[in-house]
Amino acid sequence: MSDIEEQDLYGLAVNKWGKDTQIDMAIEELSELIKVLAKRKRKVNGSSIAEIYDEIVDVDIMLHQLRIIFIFDDKKFNIVKNIKLKRLKKILEARTLKV
């Protein structure tokens, strides 16, 4: 599926079910990811990698819809993302030097 088709699909989902419903769905998918990660960490009847992968994909789909709902500007999004990645890099480099 092309990026354009994918974006169109996200928009169709938001239009079909509405913003509030898709926000609720995003919350549900995020909580399901939290649940499988917690199960995996406990290792007692832990979640499989396939289950974790499946939930990450569900969350990714919902994150794209949230970007539509909250009218994310891709340029601004990438600016903020790069700032946060640079901050992470700086933290990791500082910790590497202390070791």
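The values are calculated or read from the model by the stated rules, or taken from the named source; none is laboratory data. Quantities reported herein were computed from a predicted structural model and do not represent experimental measurements. Virtual Cβ from ideal backbone geometry, glycine too; neighbours counted across all protein chains shown.
Among the residues of the range 1-34, the one identified as surrounded by 13 or more Cβ atoms within 10 Å (Cβ to Cβ) and either at pLDDT below 95 or in contact with a Pro (Cβ under 9 Å, 6 or more places away or on another chain) (or both) is GLN7.
Search the range 38-58 for residues being crowded, with 16+ Cβ neighbours inside 10 Å and of a type outside the set (Ser, Thr, Tyr), and hand back the single one that is farthest from GLN7 (Cα to Cα). Within the range 38-58, the match that is farthest from GLN7 (Cα to Cα) is LYS39.
Of the helices (runs of 4 or more DSSP H) that lie entirely inside the chain, those containing 2 or more residues that are in contact (Cβ under 8 Å) with a residue 40 or more places away in the chain span 3-17, 19-42, 49-69. Picking from residues in the range 37-73 that are closer than 29 Å to ASP8 by Cβ and among the β-branched types (Val, Ile, Thr), the one that is modelled with the lowest pLDDT is ILE71.
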